[in-house]
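Notes follow once the structure below has been shown.
The values are calculated or read from the model by the stated rules, or taken from the named source; none is laboratory data. Note that the coordinates shown come from a computational prediction; the quantities given were computed from them, not determined experimentally. Glycine gets a Cβ as well: all are built from the backbone with ideal geometry, and neighbour counts include every protein chain shown. The area values use the complete protein model at the heavy-atom level, side chains included, leaving out ligands, DNA and RNA. Shrake-Rupley method; radii C 1.70, N 1.55, O 1.52, S 1.80 Å.
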Amino acid sequence: MSYITINKQNFFHNLDICSKRAKCKENVAIVLKDNAYGHGLLEISSLAKEYGLTKAVVQNIQEAKKIQSYFEYILILADTKKESLSHSFHITINSIDDIEHLEENTNIHIKIDTGMHRNGIAPNELESTIHKAIEQNLNITGVFTHFKSADIMSSVYFWQKSIFRDIKKNLSLICEQLNISEIKLHSCNSSALFREENFSEDFCRIGLAAYGYVENENPLYIPDLKPVLSLNTQKLSSRTIKKGQSIGYGGNFVASEDMTFSTYDIGYGDGFKRLSNERYFQINKKERTLGNTSMDNMSINSTREEISLFDDVRPLAKLHNTISYEILTSLNPSIKRVIV
Ligand SMILES: *Cc1c(COP(=O)(O)O)cnc(C)c1O
């Protein structure tokens, strides 16, 4: 059976780097959406807890319920429900309408759209949103934003930052008038954290960097992160074909000489994106994929019982013309995760 290994030492190493940058562990909220970026929701939750993190970020309430016992503080990015939720849950308000879809006493973080134009209220809706939330007896526990291009070296990051700075000023005036306190402010994802000279918000939301990557053009600061996930596949059978015979669906890979190879137990049905004769993956100096990937099978010019397909996902992401996030989150949750 193909399986994934999660390298605990590397994960803790990355968390050391992030919590140092964010000043302490309390300031790091680990982002666990999409099965913890393919690493395994429960596996990563238990490791994060063991490391000493207390905050997590997920996409929906269902995920939050699964990891409730691991964290003291869980931010839910995009889900609402009219039911009484755990006091450790904090629901994101992405539009004013969300307020009506929540039960009294629910904790909320108001998300501000400072320029990404994906989710969140407009900056000039802050005051009306706060008033409406108070009318509905919701607890405002946070205000945050998200950068659209913290990984790109341009001024965009700075103008979003300056809009959020104005929001903070405005917020402190409103809070003073309304006697609200203890609102947590946050804006940084992984790339933004490594652009901050002197981190000073209440926490940061760290996904990719915890898993060992940062898509960051910043030449001034390249953190020494280590990939956490390796994908391994096992041999189903070996076979020998003659020169001129082909391998797999479509038969595009044609042997230029007699050759022995093996079929391995992974395919695009497992979330390993399909490769082809033209787009083949060079696994190491000697071994490469052959022909079209099947749903559950893939051929490699090897007879080894087990092959590690990657420790670092970047070359494969590059081959597929995509980003590490997509390859990692595509890995099927049913593949066994083993912590090493
Ligand atoms: C996914 C996500 C993050 C984490 O981003 P990384 O680049 O993986 O660190 C942070 N905040 C929000 C709102 C997100 O959706």
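Residue-wise test of (1) touching a residue at least 24 places away in the same chain (Cβ under 8 Å); (2) among the aliphatic types (A, V, I, L, M).
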residue	(1), (2)
Ile93	yes, yes
Glu100	yes, no
Asn107	yes, no
Lys111	yes, no
Gly115	yes, no
Arg118	yes, no
Ala150	yes, yes
Ser162	no, no
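Of the residues making up segment 16-36, those that are closer than 16 Å to Phe199 by Cα, touching a helix residue (DSSP H, G or I) at 6+ places or on another chain (Cβ under 7 Å), within 13 Å of the ligand (Cβ to nearest atom) and open to solvent by less than 20 Å² (accessible area, probe 1.4 Å) are Cys18, Ala22, Val28. Of the residues Phe199, Phe164, the single one that is within 16 Å of the ligand (Cβ to nearest atom), part of a loop (DSSP other than H, G, I, E, B) and in the same structural domain as Ile44 (by TED's automatic domain parsing) is Phe199. Considering only residues in segment 202-214 that are under 18 Å from Asn10 (Cβ atoms) and either within 10 Å of the ligand (Cβ to nearest atom) or over 14 Å from the mean Cα position of the chain (by Cα) (or both), the one that is most open to solvent (accessible area, probe 1.4 Å) turns out to be Val214. Taken over segment 93-105, the criterion of being closer than 23 Å to Lys168 by Cβ and either within 16 Å of the ligand (Cβ to nearest atom) or open to solvent by less than 10 Å² (accessible area, probe 1.4 Å) (or both) is satisfied by Ile93, Asn94, Ser95, Asp98, Ile99. When you go through (1) in the same structural domain as Ile91 (by TED's automatic domain parsing); (2) away from the ligand (no atom under 13 Å from the Cβ); (3) touching a residue at least 40 places away in the same chain (Cβ under 8 Å) one by one for His39, which number turns out not to apply? Result: His39 fails condition (2) only. When each of Lys132, Lys226, Lys148 is tested for being open to solvent by 40 Å² or more (accessible area, probe 1.4 Å), of a type outside the set (Val, Ile, Thr) and within 13 Å of the ligand (Cβ to nearest atom), the lone residue that passes is Lys148. Residues that are within 25 Å of Ser324 (Cβ to Cβ) and not aromatic (Phe, Trp, Tyr) within segment 124-160 comprise Thr145, His146, Lys148, Ser149, Ala150, Asp151, Ile152, Met153, Ser154, Val156, Gln160, listed in sequence order. Within segment 167-185, none of the residues are closer than 30 Å to Ser88 by Cβ and touching a Phe, Trp or Tyr at 6+ places or on another chain (Cβ under 6 Å).
Just one of the numbered conditions (1) in contact with a Ser or Thr (Cβ under 8 Å, 6 or more places away or on another chain); (2) near the ligand (Cβ under 9 Å from one of its atoms) is not true of Asn189: (1).
In the condition set (1) more than 30 Å from Glu215 (Cα to Cα); (2) surrounded by fewer than 16 Cβ atoms within 10 Å (Cβ to Cβ), Arg118 is compliant with all but (1). The residue that is most open to solvent (accessible area, probe 1.4 Å), among those in segment 233-257 that are touching a residue at least 40 places away in the same chain (Cβ under 8 Å) and part of a strand (DSSP E or B), is Leu236. Please work out if Thr260 is more than 18 Å from the chain's Cα centre (by Cα) and open to solvent by less than 20 Å² (accessible area, probe 1.4 Å). No: the conditions fail for Thr260. Answer yes if at least one residue in segment 70-91 is under 19 Å from the mean Cα position of the chain (by Cα) and either more than 19 Å from Phe144 (Cβ to Cβ) or assigned by TED's automatic domain parsing to the domain that holds Gly269 (or both), and no otherwise. Within segment 70-91 (the criterion being under 19 Å from the mean Cα position of the chain (by Cα) and either more than 19 Å from Phe144 (Cβ to Cβ) or assigned by TED's automatic domain parsing to the domain that holds Gly269 (or both)), the answer is yes, since at least one residue qualifies.
Can you name every residue in segment 279-292 that is touching a strand residue (DSSP E or B) at 6+ places or on another chain (Cβ under 9 Å) and either loosely packed, with under 14 Cβ neighbours inside 10 Å or closer than 8 Å to Gly248 by Cβ (or both)? Scanning segment 279-292 gives Gln282, Asn284, Leu290, Gly291, Asn292. If we scan segment 43-53, do we find a residue that is of a type in the set (Ser, Thr, Tyr), within 16 Å of the ligand (Cβ to nearest atom) and in contact with a helix residue (DSSP H, G or I) (Cβ under 7 Å, 6 or more places away or on another chain)? Within segment 43-53 (the criterion being of a type in the set (Ser, Thr, Tyr), within 16 Å of the ligand (Cβ to nearest atom) and in contact with a helix residue (DSSP H, G or I) (Cβ under 7 Å, 6 or more places away or on another chain)), the answer is no, since none of the residues qualifies. Listed by position, the helices (runs of 4 or more DSSP H) contained in segment 1-75 that have at least 1 residues being closer than 22 Å to Ser191 by Cα are 8-21, 33-37, 41-51.
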